[in-house]
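Trainee: Got a structure here, written out as structure tokens. Questions coming.
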Amino acid sequence: MNDEPPAPDAKRAPTLAQQVGAQAARKLKARRHPTSAVWFGLGMMGLVGWSVVVPTLLGAALGSWLDANHPGAHSWTLALLVAGLVLGCVNAWHWIDKEDKAMSEEQEDAKDE
């Protein structure tokens, strides 16, 4: 018979009691900070909004200045407004992706406990 304990690095499936305990701990944590999720959501919405608005307005302002000082056949305002909008959307996507990965890692860590 082999009475040796398993190696410490061996991954074992958590028991039902461990799964229930981890879920209960997550629920207790959420109940202690009920408004943190709301404020986090509002903060993220503000971050996404400003990360799109600021480059768009800067592009429009720069384009307007270029149109006033260097007139041409094409509108710099429209071109830089669209460029700023695209840049802002890419920036917002980056932030949302980063937060999504952080939340996924946090959930994975909670499952491992």
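The values are calculated or read from the model by the stated rules, or taken from the named source; none is laboratory data. Computed from a predicted structure; not experimentally measured. Counting neighbours? That spans all protein chains shown, and the Cβs are built from the backbone with ideal geometry, glycine included.
Trainee: For region 86-99, state whether one or more residues are closer than 30 Å to Ala13 by Cα, surrounded by 11 or more Cβ atoms within 10 Å (Cβ to Cβ) and either out of contact with any helix residue (DSSP H, G or I) (no Cβ under 6 Å at 6 or more places or on another chain) or modelled with pLDDT under 90 (or both).
Mentor: yes
Trainee: In region 45-82, which residue that is part of a loop (DSSP other than H, G, I, E, B) and in contact with a helix residue (DSSP H, G or I) (Cβ under 8 Å, 6 or more places away or on another chain) is nearest to Trp95 (Cα to Cα)?
Mentor: It comes out as Ser75.
Trainee: For region 17-43, name all the residues that are in contact with a helix residue (DSSP H, G or I) (Cβ under 8 Å, 6 or more places away or on another chain) and modelled with pLDDT under 75.
Mentor: Of everything in region 17-43, those that are in contact with a helix residue (DSSP H, G or I) (Cβ under 8 Å, 6 or more places away or on another chain) and modelled with pLDDT under 75 turn out to be Ala30, Ala37.
Trainee: Let me ask another. Please work out if Pro14 is assigned to a loop (DSSP other than H, G, I, E, B) and modelled with pLDDT of 80 or more.
Mentor: Here the answer is no, as Pro14 does not meet what is asked.
Trainee: Okay, next question. Give the residues of region 92-107 that are without any contact (Cβ under 8 Å) to a residue 24 or more places away in the chain and farther than 22 Å from Ala22 by Cβ, sorted by residue number.
Mentor: Result: Trp93, His94, Asp97, Lys98.
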